[in-house]
Structures are given as C-alpha cells and as structure tokens.
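S.K.: Sharing a structure with you now.
The values are calculated or read from the model by the stated rules, or taken from the named source; none is laboratory data. Since the model is a prediction, treat every value here as computed from it, not as a measurement. Reconstructed Cβ throughout: ideal geometry from the backbone, glycine too, with neighbour counts over all protein chains shown. To get the accessible areas, we keep the full protein, side chains included, count just its heavy atoms, and leave off ligands, DNA and RNA. Shrake-Rupley method; radii C 1.70, N 1.55, O 1.52, S 1.80 Å.
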Amino acid sequence: MTESRLGIVGLRRGLHPARHCAAAGLRVTSVCDVDSNLAATAAAELGAESFPDFAHLLEGPIDAVLLANFFDEHAALAIQALAARKHVLSETAACTSLEEGRSLISAVERSGRTYMFAENYPFKPHAFEIARRFAAGEIGAFEYAESEYYHAFAPGAFAPDRSHWRGRISSTHYCTHSIAPVMAITGRFPVAVGAFEMGRDELGRGQASVEMIRFDDGTLMKSLHGFLQGEPPLQWSSLRVHGSRGLLENARHGDARRVRLRREAWATGTGKVEDALIDPPDVPDDVRMLRVFADAVTGGAPPALDVRFGVSCSLVGVYALESLRRGSAQVELPNLGARAR
C-alpha cells in the first residue's frame, strides 16, 4: 500500500482520527493548532512536526490535510489547501453559506485533487451495515427515513459566546450527523427543507431542531438534532430506513450498534414475519472513513462523500435556518449542478 503523508489542523477533534491513520495507509507528518502547547504535545505523540500556522503547514512534506478545526471555518482552509495542490479531508460543516459552497466546489474542480467530506456517521457500524443491506435490496425501494443526533447538556453547562463556533451557529446547522447517513445509504440528495425549533438556553437560543427534508426523488426524511435530554449511548445515532419491502434500523435498547431487519409475512416469501437483530462488524468509523479517503487519494477514484455531498448536506442546516425565519415554511435548496451518481 502506498503511504500518504497527512497534515492535521485542529487537534482537539483531529487527534482521535489521527490515532487510526496508520491502519488506513496514512502517516501523520505535520500538525497545526491555535494552541501551540497542544500542537507540541500532539506532535510528540504522533512523531510529527508542529507548524505555527496553516500556511507553513502547507509548505511542509504533506500530500493531504485533515481539517478538524472549528465547525464554521473549514471552507476557507480547504480552498487554500486545494490551491496548494493538497488533497483535503474536511470535517463538518463543509461550508456555512451557498457562496462558500460554490467556491469550494469550484476549487475542487480546478485543483484535480481529492476532496472528501469527513462525516463519520455513515461509517458507524450500524449505519454501514444498514447501507450494505439496503444496497443488496433487502428492504426494496427507499420510501422514508428518520435519524437523530443529540446531547443532554445540563442547564447552564454550555453557553459559549460568539468566540466559539457553538456560539455562532443556529440549532439547525449541526445536522450532518443525522442527515449524512441517510444520504449515503439511499444515494438521494436534499432539495427542500422545513424546520422547527424547540427549547431555549439562558441566552435565548434554540436548543434543538426538527427538519423535514425532501429528496430529489420526492422521498422524505426527518432529522432531529441538538441538545435534548435522553442522550443515546456515546457515538451512536438513532437511524431507521423504511423500504417498500421492509425496515432497517439500529436497536433502540441495549447495544445501539445492532441492526434490526423487519419484513412482514407477505414480503418474506415464507409466509412468516422476519424480525431479526444483526451484529455488524465492529470496525471503528474513523478507520473506515480514513481508508476510503486513502484509497481515493492513491487510486484516483471519487471518494464516497465528495464535495457536492458535503456541500449539499451542510446547506440543509443553512436553509433550515431560513425556514425558521419564514415561520417554518418549506424552503428550496439551490441546484449545485451535475454530480456523480
């Protein structure tokens, strides 16, 4: 396997996937963070060189960058890296406006380099297994999906000002952990969204959102995300996909990695209901994600979650905020042009 040299920007989140890089054929050679002490500590742990800023990191010995910096600051750095002829693995969000999204798509197309959206939830064991079984036709044609992602913070426990990204975004924006798995499983892209908000923190901000999303074939999904009580087990979202001949979902109780397959008697061919719990391979999501990126970089194939995937998924949250401003009316998403299917 050809080993690619990777630079990591933003080490609070980026250190976790960094520890899986070797298993994916990636070698971390450079790190960069606004906290110089954190950067120095991470560099020592990873056997990498610490750079004082992003521009210097891009001049170093790297083939690709992982952008794990603040949520709303990825697009500009991605465009800068692509201009420097580096491959990019960008965490969510890919962009925070239509203008940023279009600029990012153009930068990818000009560069001829790989851009992959580092949304890890499609690679969770339950989501990956649902995708595999859906692709095999086990539940027929896609009809409807629901997905949830939320945290149960105590009142007053988390109220940053606008110097932190959580203080700068709406409850609608942090939607990709719930939407991306459905997009990846079904191959559908969002074309419209209507949003509703609930809960208020001590600064008067909405705490969670429900978004009803219409896809390009007319099918629907519901996304619930934000800060709500009843947080599911760490790192596991709730996901269900209804097909024309059955249901796939992860377990609501017990081990949320387990996948439930339900088909009624008429659909099984045996005259009996099938209702089974399946244990998927427990491969860490970051390992799967990094392997897909490494294969795209070395093999030249389009990555699983390409730039239009990332931009479209991220813009759902942007246009959901516009829906809130219009009294939760449905808002059409922009047409981003041709995309690979």
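S.K.: Identify all residues within region 278-298 that are touching a helix residue (DSSP H, G or I) at 6+ places or on another chain (Cβ under 8 Å) and either assigned to a loop (DSSP other than H, G, I, E, B) or polar (S, T, N, Q) (or both); write none if there are none.
M.R.: 280, 281, 282, 283
S.K.: Of all residues in region 202-211 being open to solvent by 20 Å² or more (accessible area, probe 1.4 Å) and touching a strand residue (DSSP E or B) at 6+ places or on another chain (Cβ under 6 Å), which is farthest from residue 326 (Cα to Cα)?
M.R.: Ranking the qualifying residues of region 202-211, first place goes to 207.
S.K.: For region 188-200, does any single residue satisfy the condition of being at pLDDT below 95, under 17 Å from the mean Cα position of the chain (by Cα), closer than 17 Å to residue 92 by Cβ and among the aromatic types (Phe, Trp, Tyr)?
M.R.: No; the residues of region 188-200 include none that is at pLDDT below 95, under 17 Å from the mean Cα position of the chain (by Cα), closer than 17 Å to residue 92 by Cβ and among the aromatic types (Phe, Trp, Tyr).
S.K.: Consider region 269-304. How many of its residues are more than 16 Å from residue 119 (Cβ to Cβ) and out of contact with any His (no Cβ under 8 Å at 6 or more places or on another chain)?
M.R.: Total meeting the criteria: 20.
S.K.: Something else about it: Based on this model, can you work out whether residue 273 counts as hydrophobic (A, V, I, L, M, F, W, C), open to solvent by less than 40 Å² (accessible area, probe 1.4 Å) and out of contact with any Phe, Trp or Tyr (no Cβ under 9 Å at 6 or more places or on another chain)?
M.R.: Answer is no for this residue.
S.K.: Here's something else I'd like to know. Would you confirm, using the coordinates I've provided, whether residue 154 is without any contact (Cβ under 8 Å) to a residue 12 or more places away in the chain, more than 20 Å from the chain's Cα centre (by Cα) and within 18 Å of residue 188 (Cα to Cα)?
M.R.: When the stated conditions are applied, residue 154 does not pass them.
S.K.: Starting from residues that are surrounded by fewer than 24 Cβ atoms within 10 Å (Cβ to Cβ) and either in contact with a Lys or Arg (Cβ under 6 Å, 6 or more places away or on another chain) or not small (Gly, Ala, Ser) (or both), keep the ones in region 22-32 and report whichever is farthest from residue 292 (Cα to Cα).
M.R.: Filtering first and then ranking leaves 29.
S.K.: I'd like the full set of residues that are among the acidic types (Asp, Glu) and more than 25 Å from the chain's Cα centre (by Cα), limited to region 36-74.
M.R.: 45, 49, 53, 59
S.K.: Could you tell me whether region 322-332 includes any residue that is among the basic types (Lys, Arg) and surrounded by fewer than 19 Cβ atoms within 10 Å (Cβ to Cβ)?
M.R.: yes
S.K.: Does region 169-191 include one or more residues that are more than 30 Å from residue 279 (Cβ to Cβ), open to solvent by less than 30 Å² (accessible area, probe 1.4 Å) and part of a strand (DSSP E or B)?
M.R.: The answer is yes, given that some residue of region 169-191 is more than 30 Å from residue 279 (Cβ to Cβ), open to solvent by less than 30 Å² (accessible area, probe 1.4 Å) and part of a strand (DSSP E or B).
S.K.: Can you tell me which residues in region 135-154 are modelled with pLDDT of 95 or more, open to solvent by 30 Å² or more (accessible area, probe 1.4 Å) and more than 15 Å from residue 252 (Cα to Cα)?
M.R.: Matches in region 135-154: 135, 136, 137, 138, 141, 143, 144.
S.K.: Then there is this: If I filter region 234-245 for residues that are open to solvent by 40 Å² or more (accessible area, probe 1.4 Å), in a loop (DSSP other than H, G, I, E, B) and free of Cβ contacts under 8 Å to residues at least 60 places away in the same chain, do I get at least one hit?
M.R.: Scanning region 234-245 turns up at least one residue that is open to solvent by 40 Å² or more (accessible area, probe 1.4 Å), in a loop (DSSP other than H, G, I, E, B) and free of Cβ contacts under 8 Å to residues at least 60 places away in the same chain.
S.K.: Same structure again: Hey, among the residues in region 212-225 that are more than 18 Å from the chain's Cα centre (by Cα) and of a type in the set (D, E, K, R), which one's surrounded by the most Cβ atoms within 10 Å (Cβ to Cβ)?
M.R.: Taking the candidates together, the pick is 214.
S.K.: Something else now. So, in region 15-41, exactly how many residues are closer than 21 Å to residue 298 by Cβ and either of a type in the set (Gly, Ala, Ser) or not in a loop (DSSP other than H, G, I, E, B) (or both)?
M.R.: 12
S.K.: Oh, and also: How many of the residues making up region 246-268 are open to solvent by 70 Å² or more (accessible area, probe 1.4 Å) and closer than 14 Å to residue 140 by Cα?
M.R.: 2
S.K.: Another question, if that's okay. Filter region 49-83 for residues that are aliphatic (A, V, I, L, M) and in contact (Cβ under 8 Å) with a residue 40 or more places away in the chain and give the result.
M.R.: 57, 58, 62, 64, 65, 66, 67, 68, 77 - these are the residues of region 49-83 that are aliphatic (A, V, I, L, M) and in contact (Cβ under 8 Å) with a residue 40 or more places away in the chain.
S.K.: Which of the strands (runs of 3 or more DSSP E) found entirely inside region 53-129 contain at least 3 residues meeting this: within 30 Å of residue 167 (Cβ to Cβ), open to solvent by less than 20 Å² (accessible area, probe 1.4 Å) and not small (Gly, Ala, Ser)?
M.R.: Once the strands (runs of 3 or more DSSP E) in region 53-129 are filtered for at least 3 residues that are within 30 Å of residue 167 (Cβ to Cβ), open to solvent by less than 20 Å² (accessible area, probe 1.4 Å) and not small (Gly, Ala, Ser), what remains is 64-67, 115-117.
S.K.: Failed condition for residue 305, given (1) more than 25 Å from residue 96 (Cβ to Cβ); (2) open to solvent by less than 30 Å² (accessible area, probe 1.4 Å); (3) of a type outside the set (D, E, K, R); (4) not in a helix (DSSP H, G or I), with all others met?
M.R.: Failed condition: (1).
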